[in-house]
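The values are calculated or read from the model by the stated rules, or taken from the named source; none is laboratory data. This structure is a prediction, so every number in the text was calculated from the model and none was measured. When we count neighbours, we look across all protein chains shown, and the Cβ atoms used for this are built from the backbone with ideal geometry, even at glycine.
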Amino acid sequence: EGTHWSYEGAGGPGKWGDLDATNKACAVGLQQSPIDIEATVKSQLPALKLNWGKSADTIVNNGHTIQLNFAEGSTLMLGDVKYKLLQVHFHRPSEHMIGGKNFPMEAHFVHRNDAGGLAVVGVLMAEGKPNAAFSKIVKTMPAAEGPAVKADAAIDPRAMLPHKLSYFRYPGSLTTPPCSEVVEWLLLTDPIQVAAADVAAFAQLYPMNARPVQKDNRRYVLRSI
Ligand code: SG4
Ligand code: ZN
């Protein structure tokens, strides 16, 4: 390994599969993420039961994004499978597309079950009214890559959810190396609104940290009724 992965240039998405032997899925995987969501199949999916606590533990600029880590205790029940909320991080622009269209940003709430499977709740972010939690994140995010620091206790992750928890579901991967195909993607159909100024502030640090959309390879995208 010489070159580290990035979103542009020599370590960019087209090269991820060659940068390290553990990254093969990035190049040859058939269930990669993100995707452009076009045709969907309306299905009786379980309701998303998000039992999140009201604050994050730490905040970090990890060189690829801004991420908030959570302490034990926040969970997602997907049917009868229990997942723990680990962290939320952000992409600009959105990684998923809806009918060929990007959103200004996308938040990923990463959850893991006891078997090591991941469920990522994706929230599309449109520009509009300010979101108090996201504004706090932008005000307190470390400008340079570095260690995690204590997060502002007023950052409530629940405030970054739309009212309606309808969602798209499809089997996919991590959107960064090693692109492991272990993710149940749960992309909420309704975006949240955030201030354009907050998107612009995030863009000062990360102007572009979205992987391009991948082939769906005939995967079905289910849409909750
Ligand atoms: C971001 O780079 C996160 O900071 C990573 O989290 C995350 O990797 C990666 O995105 C991929 O996650 O929801 N976009 S994604 O598919 O969660 C993992 C850490 O590096 C393994 C902890
Ligand atoms: Zn992500």
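Are any of the residues in segment 195-208 within 16 Å of ligand 1 (Cβ to nearest atom), touching a strand residue (DSSP E or B) at 6+ places or on another chain (Cβ under 7 Å) and assigned to a loop (DSSP other than H, G, I, E, B)?
no
Of these, Leu188, Leu205, which one is modelled with pLDDT of 95 or more and within 17 Å of Gly99 (Cα to Cα)?
Working: Leu205 fails: within 17 Å of Gly99 (Cα to Cα).
Checking each option against the conditions leaves just Leu188.
Just the residues that are surrounded by fewer than 20 Cβ atoms within 10 Å (Cβ to Cβ), touching a residue at least 12 places away in the same chain (Cβ under 8 Å), more than 16 Å from ligand 2 (Cβ to nearest atom) and not in a strand (DSSP E or B), please, taken from segment 64-81.
Ala71, Glu72, Gly73, Gly79
Pairs only if they're at least six apart or on different chains, beta carbon under 7 angstrom, first in segment 82-110 and without any contact (Cβ under 8 Å) to a residue 40 or more places away in the chain, second part of a loop (DSSP other than H, G, I, E, B) and near ligand 1 (Cβ under 9 Å from one of its atoms); list them, first residue then second.
Correct list of pairs: His89/Thr65.
Does Pro191 meet the test of being closer than 25 Å to Gly14 by Cα and more than 15 Å from ligand 1 (Cβ to nearest atom)? Full working, then the answer.
Values: closer than 25 Å to Gly14 by Cα: no; more than 15 Å from ligand 1 (Cβ to nearest atom): yes.
No.
Filter segment 34-50 down to the residues that are surrounded by fewer than 12 Cβ atoms within 10 Å (Cβ to Cβ) and either in a strand (DSSP E or B) or among the aliphatic types (A, V, I, L, M) (or both) and list them by number. Before you say what the answer is, go through the steps one by one.
First, the residues of segment 34-50 that are surrounded by fewer than 12 Cβ atoms within 10 Å (Cβ to Cβ): 38-39, 41-42, 44.
Passing the criteria: Ala39, Val41, Lys42.
If we scan segment 189-207, do we find a residue that is of a type in the set (A, V, I, L, M, F, W, C), within 30 Å of Val28 (Cα to Cα) and surrounded by fewer than 21 Cβ atoms within 10 Å (Cβ to Cβ)? Please lay out each step first, then the result.
Filtering segment 189-207 for residues of a type in the set (A, V, I, L, M, F, W, C) gives 192, 194-197, 199-203, 205.
Applying the additional criterion that residues be within 30 Å of Val28 (Cα to Cα) yields none.
Within segment 189-207 (the criterion being of a type in the set (A, V, I, L, M, F, W, C), within 30 Å of Val28 (Cα to Cα) and surrounded by fewer than 21 Cβ atoms within 10 Å (Cβ to Cβ)), the answer is no, since none of the residues qualifies.
Being crowded, with 16+ Cβ neighbours inside 10 Å and either in contact with a Pro (Cβ under 6 Å, 6 or more places away or on another chain) or acidic (Asp, Glu) (or both), is that true of even one residue in segment 126-148?
Within segment 126-148 (the criterion being crowded, with 16+ Cβ neighbours inside 10 Å and either in contact with a Pro (Cβ under 6 Å, 6 or more places away or on another chain) or acidic (Asp, Glu) (or both)), the answer is yes, since at least one residue qualifies.
Applying the selection to segment 159-180, what residues are outside any strand (DSSP E or B), more than 8 Å from ligand 1 (Cβ to nearest atom) and either of a type in the set (Ser, Thr, Tyr) or touching a helix residue (DSSP H, G or I) at 6+ places or on another chain (Cβ under 9 Å) (or both)? Working first, answer last.
Looking only at segment 159-180, we keep the residues that are outside any strand (DSSP E or B), and these are 159-166, 173-180.
Among the residues that remain, those that are also more than 8 Å from ligand 1 (Cβ to nearest atom) are: 159-166, 177-179.
Across segment 159-180, the qualifying residues are Ala159, Met160, Ser166, Pro177, Pro178, Cys179.
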